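What follows is a set of notes on a single structure, which appears directly below.
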Amino acid sequence: MDYQPVIVKVHPRPSSSKSSPEARYWRQFKHPVFVKEYAPVTAVHFSPTKPHRYAVTAATRVQLYAPRTQKVTKTISRFKDVARSGSIRADGKLLVAGDDTGLIQVFDINSRAILRTFDSHKQPVHVTKFSSLAPTQILSCSDDTTVRIWDVPSQSCITTFTSHTDYVRSGQSSTSSPHLYLTGSYDATVRLFDSRSGQCEMVMSSAGSSNAGNIPVEQVLMFPSGTVAVSSAGPILRVWDLVAGGRCVRALSNHQKTVTALAFDSTASRLLSGGLDHMVKVYDVSTYKVVHTMRYPAPVLCLAVSPDETHIAAGMTDGTLSVRRRNPKASEAQSDASLAAAVLRSGTFETFLGGALPAIGQGTVKGKIKAKPLGDVNEFRIESRRAKRLKGYDKLLKHFKYSAALDSVLRKHVPPTTAFALIQELIHRDGLQIALAGRDDVLLEPVLRVLVKHVTDPRFGKMVCDVAGLVIQMYTPILGQSPLIDTLFLRLRKKVQAELRFQKEIRRTKGALDMIFSAVASTSLPLR
């Protein structure tokens, strides 16, 4: 029996990506710390400013964690329902969050006090973010299908976008233009809005084809350049060219289940996506190829990378918060850390004997510590700068004692610029009416005297009129009960009437001078 030779085709073994520099870098994020919450972790956001604390939203609270210790430093739990999208402002001082009642609240991180509330949404608010280029504006996206832009100082809605027809669960402000906003909705569209026109300027469909059906858009992310956007619908990632009118240039299907989280690294050269398949994948944005994959113990709902690229935080459906930490190399160490290390290494016994360094415990000076080089390049002297003390009215404002703060600047020795600057601050905080309320004739007298004195001052005239209108509105029912207060109101009225007569005379004089100048100009002959 003849046997025919069997030709076996041997394929080369694929090269392992585990040995690539890219994989080695991402494997440095190891030894994850797992924190167990009692509800799904729906949002994680790192503060853009050092020390890059991060806000974790779960159930009816938002907690702030210290990145070095992974311990809770602040807990904000003043929510009536499930909290959503806790986000820290760029300066690290304010936090905004929504909840399932439709309420949006702005908190002072240090005191945890509620500074602003917005209640125009009628259904759960899943997105609340400070604008990247306008820190006094907030973007919100709600299940009532609307997208709103809020102004924090005036506590009002600037713009409302109503183009979506289903839940709006994702959104972001542009980092290249303060007027552009990208949103994704369960109506299977990604939309680009312009606050100048108040309209939707671009629509991108996540269906991909006419028979694909409506696939809800879970997340959107815009590149810092503002020319490219990424969206996730189901397990598919799509890359949109905004310059080309919203054309889909890539469709990536590396996940097995819905992609629920998108994030960039600090340089936006790597894109991270997390999904319900327990996977987080890292893409090289130059080729959109997967360069690394991380596995998690539960479906991933949210994902964030710290600005210094030392932490990756992920929230999961079972209430687990995973924080992976990378120890940066010496070359990547921060300049202040290097300086502190140099200070610890340097210094000589003679320096201490010479008294160049202050004795420990000498006085009660508080402030920032900085290192100054001495004569030798390897020697440093520690200096402490005295912290600037707050004025009395600043302390009262800090503790929200508006009435006492106003009283403190109505004294005779306080310059009017300081008094009206504080009044302007109270107006911004919506606290002027609180400061003026509940006053008797003794406490109302200094307010009226300041108004009477400066009503004709062109620097403060408009503000005096606003405050006077509010005082008249609040205290009209009690006029006639105090002769002193009635006299001050009459003096204010007479000064306003005198000022109006004076302004009319000025306008007549100006008109007469204009006629004289016109007549002289028309009769004058050109010089020869």
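The values are calculated or read from the model by the stated rules, or taken from the named source; none is laboratory data. Since the structure is predicted, the reported quantities are computational estimates derived from the model, not experimental observations. Cβ placement follows ideal geometry from the backbone for every residue including glycine, while neighbour counts extend to all protein chains displayed. Each accessible area value is taken on the protein alone, full model and side chains, heavy atoms only, with ligands, DNA and RNA left out. Shrake-Rupley method; radii C 1.70, N 1.55, O 1.52, S 1.80 Å.
Converting phi to 3J(HN,Hα) with the Karplus coefficients 6.51, -1.76 and 1.60 and the offset θ = phi - 60°, segment 182-189 yields 10, 9, x, 9, 6, 7, 6, 10 Hz in sequence order, with x at every glycine or proline. Remark: segment 229-246, residue by residue, has Karplus-estimated 3J(HN,Hα) of 9, 10, 9, 10, 9, x, x, 9, 9, 10, 10, 10, 8, 6, 5, 8, x, x Hz, where x stands for each Gly or Pro and the curve is 6.51 cos²θ - 1.76 cosθ + 1.60 at θ = phi - 60°. Rounded to the nearest Hz, the phi-derived 3J(HN,Hα) couplings of segment 129-139 under the Karplus curve 6.51 cos²θ - 1.76 cosθ + 1.60 (θ = phi - 60°) are 9, 6, 5, 5, 10, 10, x, 8, 10, 10, 9, where x marks glycine and proline.
Express the accessible area of segment 68-163 per residue in Å², computed with a 1.4 Å probe while the remaining protein chains stay in the model.
Values: 3930 Å² over 96 residues.
Per residue, segment 68-163 has 41 Å² of solvent-accessible surface.
Taking N as the number of residues in segment 432-486, what value does Rg over Cα atoms divided by 2.2 N^0.38 Å take? Before the final figure, lay out each step's value.
Numbers: Rg = 11.2 Å, N = 55, 2.2 N^0.38 = 10.1 Å.
Cα Rg divided by the expected 2.2 N^0.38 Å: 1.11.
With the cut-off at 1.5 for a/c, could you classify segment 232-289 from its C-alpha gyration tensor as rounded, prolate or oblate?
Details: a/c = 2.08, a/b = 1.30, b/c = 1.60.
Since a/c reaches 1.5 but b/c is at least a/b, the shape of segment 232-289 is classed as oblate.
With N residues in segment 397-456, what two-decimal value do you get for its Cα radius of gyration over 2.2 N^0.38 Å? Show your work: numbers first, answer last.
Working: Rg = 10.9 Å, N = 60, 2.2 N^0.38 = 10.4 Å.
Output field value: 1.05.
If I compute solvent accessible area with a 1.4 Å probe over the protein chains, what percent of it on segment 425-503 is carbon and sulfur?
Working: 2890 of 4760 Å².
Using a 1.4 Å probe with all protein chains present, segment 425-503 comes out at 61 percent carbon and sulfur.
Full extension of the chain segment joining Ala23 with Ala498 gains 163.1 nm, where the gain is 0.36 nm per residue of separation less the Cα-Cα distance.
Taking packing as the residue-averaged number of other Cβ atoms within 10 angstrom, the listed peptides 49-57, 512-520, 466-474, 398-406 run from highest to lowest as 49-57, 398-406, 466-474, 512-520. Legend: calculated FRET efficiency, Asp457 to Thr175, from the Cβ-Cβ distance at R0 = 41 Å, rounded to 0.05, equals 0.45. Between the amide H of Val300 and those of Gly275, Leu276, Asp277, His278, Met279, distances stay under 5 Å, these residues lying 5 or more places away or on another chain, with hydrogens modeled in the peptide plane. With one equal scatterer per alpha carbon and no solvent term, the Debye-computed log10 I(q)/I(0) for segment 391-494 at 0.13, 0.18, 0.21 1/Å reads -0.43, -0.85, -1.17.
Annotation: extensible slack from His428 through Thr317 equals 35.9 nm (criterion: 0.36 nm per residue apart, minus Cα-Cα distance). Restricting the calculation to Cα atoms, every distinct pair contributes to the Kirkwood radius of segment 452-528, found to be 15.7 Å. Ligands, DNA and RNA left out, the accessible area of segment 114-159 computed with a 1.4 Å probe is 48% carbon and sulfur.
Grab the other residues whose beta carbon is less than 14 angstrom from that of Pro235, score K and R as +1, D and E as -1, and report the net. Before the final figure, lay out the partial values.
Values: positive: Arg238, Lys257, Lys281; negative: Glu218, Asp277.
Within the 14 Å Cβ shell, the charges total +1.
Determine the per residue accessible area of segment 411-528 with all protein chains present and a 1.4 angstrom probe, expressed in square angstrom.
Details: 8320 Å² over 118 residues.
Averaged over the residues of segment 411-528, the accessible area is 70 Å².
Based on the alpha carbons, how large is the Rg to Rh ratio for segment 136-267 when Rh follows Kirkwood? That ratio equals 0.96.
Each of Val290 and Thr117 was given a label point 7 Å from its Cα along the Cα-to-Cβ line. The distance between the two points is 4.7 nm. Amide H contacts of His292: Val282, each under 5 Å away and 5 or more positions distant or on a separate chain (H built 1.01 Å from N in the peptide plane; Pro and chain starts excluded).
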